[in-house]
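Step one of this worksheet: look at the structure below.
What follows is calculated from the coordinates using simple rules that are stated; it is not laboratory data. Owing to the predicted nature of the structure, the values given are computational and were not obtained by experimental measurement. Note that we place each Cβ from the backbone using ideal geometry, even for glycine, and neighbour counts take in every protein chain shown.
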Amino acid sequence: MNMVEQSKLETWTMDRLFGFGPEGPRSLDESYQEACRLTEDVGDEHQSLLTEISTWLFDKLESGPWIEPNPSAQGSLGHIGQDQNVEV
Amino acid sequence: MTSFVFYDTETTGTDTAFDQILQFAAIRTDDNMRELDRFEIRCRLLPHIVPAVGALIATGVSPRLLTDSTLPTHYEAARQIARKLADWSPSIFLGYNSMSFDEELLRQTFYQTLQPIYVTNTNGNTRGDILSLVNASTVVAPTALTIPIGTSGKPTRKLDTLAPANGYAHSNAHDALADVEATIFIAKVIGRMS
């Protein structure tokens, strides 16, 4: 097995075992860029919804990390559920 | 009596590992596809999930709905879905393109929320995909279904175009419950021709 085949096998195995490839989850920036691209593509009936989504994503981007780390929740499962940033 | 459970999900995107269910709908029928029961649930966006804009546009889900505090959380919704599917067991679980997408997503959802993962194919349950039936019918019984031509000029088997082409008024495509009803309609058309 050469290096390319080895790499393909590893990617395939990761994908099958853990359900994801090398790309990982969608980022906030990526989603906002998609909204900007779609502005010219979607029909008039969807423009107001797209504007609402774009504004919401932009606000999220501007406000910094989406999930603020909460030191009180670290190291204790008892805090899960009481922490407003952890939704269960 | 054999029962079918037709189901569909609307999600934050097409990545079964990193996207989440936003709406789940299912209809349980008898073996003649007469409705016995139905179930539908929506849930809130998880705090760490970034939705795909295209998915929100297709499903008509606004940020207000994503964060609506009156909706159950993703965890609560997953628990209710698992409980309902268990109540309906044993059944044959069906969807449209469900083997490639909804089944994977459902397993991921149950895994992430500590529910039994293989609900649809254990404890007497089995599963199938109406899209596979459609594909087979185009070969075995080419006149059973009208296969519409898509914008690219090629035949398309997307539910939102296939169902209307065969006489179903699919006015609310990409709503999970409406898509379930359209899937049942297509299954009935194939069933009549078989």
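What lysines could a cross-link reach from B:LYS188, if we take a straight Cα to Cα line under 20 Å and drop same-chain neighbours fewer than 8 places away?
Answer for B:LYS188, where 20 Å is the Cα cut-off: B:LYS158, listed by chain and number.
Give the long-range amide H neighbours of B:LEU36: residues separated by 5 or more places, or on another chain, with amide H under 5 Å away, using H modelled in the peptide plane at 1.01 Å from N.
Placed amide hydrogens put B:ARG28, B:THR29, B:ASP30 under 5 Å from B:LEU36.
In nm, to one decimal, how far is the modelled label at B:VAL140 from the one at A:ARG37, with both set 7 Å along Cα→Cβ?
Rounded to a tenth, the inter-label distance reads 4.0 nm.
Under 5 Å between amide hydrogens, which residues at least 5 positions from B:ARG127 or on another chain qualify, with H placed 1.01 Å from N in the peptide plane?
Close amide H contacts, sequence-distant or interchain: B:PHE93.
What nm value, rounded to one decimal, do you get for the distance between B:LYS158 and B:HIS48 when each label is placed 7 Å out toward the C-beta?
For B:LYS158 paired with B:HIS48, the spin-label model returns 3.3 nm.
Extending each Cα 7 Å along its Cβ direction at A:GLN47 and A:LYS8, get the distance between those two points in nm, one decimal.
Each label point lies 7 Å from its Cα, and together they span 4.7 nm.
Report, largest value first, the span of the C-alpha coordinates of the protein assembly as shown along each principal axis, in whole Å.
Each principal axis gives a Cα extent; for the protein assembly as shown these are 62, 55, 47 Å.
Taking θ = phi - 60°, what integer Hz values does the Karplus form 6.51 cos²θ - 1.76 cosθ + 1.60 yield along segment B:161-175, in sequence order, with x for Gly and Pro?
10, 5, 4, x, 5, 10, x, 9, 7, 9, 7, 10, 4, 6, 9
Could you work out how far the C-alpha centroid of segment B:45-122 sits from that of segment B:1-38, in angstrom?
9 Å
Could you line up A:GLU34, B:GLU35, B:GLU104 from fewest to most neighbouring Cβ atoms inside 10 Å?
The order, fewest Cβ neighbours first, is B:GLU35, B:GLU104, A:GLU34.
Suppose every K and R has +1 on its Cβ and every D and E has -1 on its Cβ; what is the size of the dipole of the protein assembly as shown about the Cα centre, in Debye to the nearest 20?
960 debye
How much length would be gained if the chain were fully extended between B:ASP30 and B:SER132, taking 0.36 nm per residue of separation minus their Cα-Cα distance, in nm to one decimal?
34.7 nm
For segment B:27-93, what are the per-bin percents of Cα-Cα distances with bins 10 Å wide, up to the bin holding the maximum?
Per 10 Å bin, starting at 0, the Cα pair percentages come out as 17, 38, 29, 16, 0.
Which one, B:ALA173, B:LEU56, B:VAL139, is farthest towards the positive end of the dipole of segment B:4-193 when Lys and Arg carry +1 and Asp and Glu -1 on their Cβ?
The Cα lying farthest towards the positive end belongs to B:VAL139.
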